[in-house]
Amino acid sequence: MSNILDNVFGLSGQALDVWQRRSEVIASNIANADTPNYKARDVDFREVLQQASGEDDASKMLEPRTPTPGQVAATNQSLDALKYRAPLQPSMDGNTVDAQVEQSAFASNMVHYQASLSFINGTIQQLRLAINGGGQN
C-alpha cells in the first residue's frame, strides 16, 4: 500500500512527515529554552528528502542526541537527520536555543506543512474527480 501512495503523492507524503517531525524538534527546542547546556537541533529537510528519494549520503547524517537528564526529548527520536543549530549569541549556561529563532522557524515550518497538506488534498480531489467522472458526485 505504501508504494501505491508513494506513486500517487510522490514525495509530498514524505515531506508532510518531515514537516511534522521538524515541528516536534522545534517544539522540543522551545521547551528546553531554559535548560543549561541544551543544544538546539533542527532537521535538514534537503538531506531527509534526498534520503527519501534514494539519493542518500549517509556520511553526512548525524545521529540524534539522547537528551541528558532534565531535558525534554523530541517525541520521535528515529529521525536520523538532526543537526545542531549554530547559536547566534553565546549564552553563559551553554544553551543554544534562541526563542525568537525557534518561534520563527516554527511558524515557517507550519506554512510548509500546510502547503504540503494542501497539495495532498488537491491530489485527492483530482483522484475523486477522475474516479467519479467529471460531472458526477
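The values are calculated or read from the model by the stated rules, or taken from the named source; none is laboratory data. Since the model is a prediction, treat every value here as computed from it, not as a measurement. Here Cβ is always computed from backbone atoms with ideal geometry, including for glycine, and neighbour counts include all displayed protein chains.
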Residue count, segment 96-128 (criterion: at pLDDT below 90 and of a type in the set (D, E)): 0
Residues of segment 30-69 satisfying the condition of being assigned to a helix (DSSP H, G or I), farther than 12 Å from A15 by Cα, of a type in the set (A, V, I, L, M, F, W, C) and modelled with pLDDT under 95: A58
Where N121 falls short, out of the listed (1) loosely packed, with under 12 Cβ neighbours inside 10 Å; (2) not in a helix (DSSP H, G or I): (2)
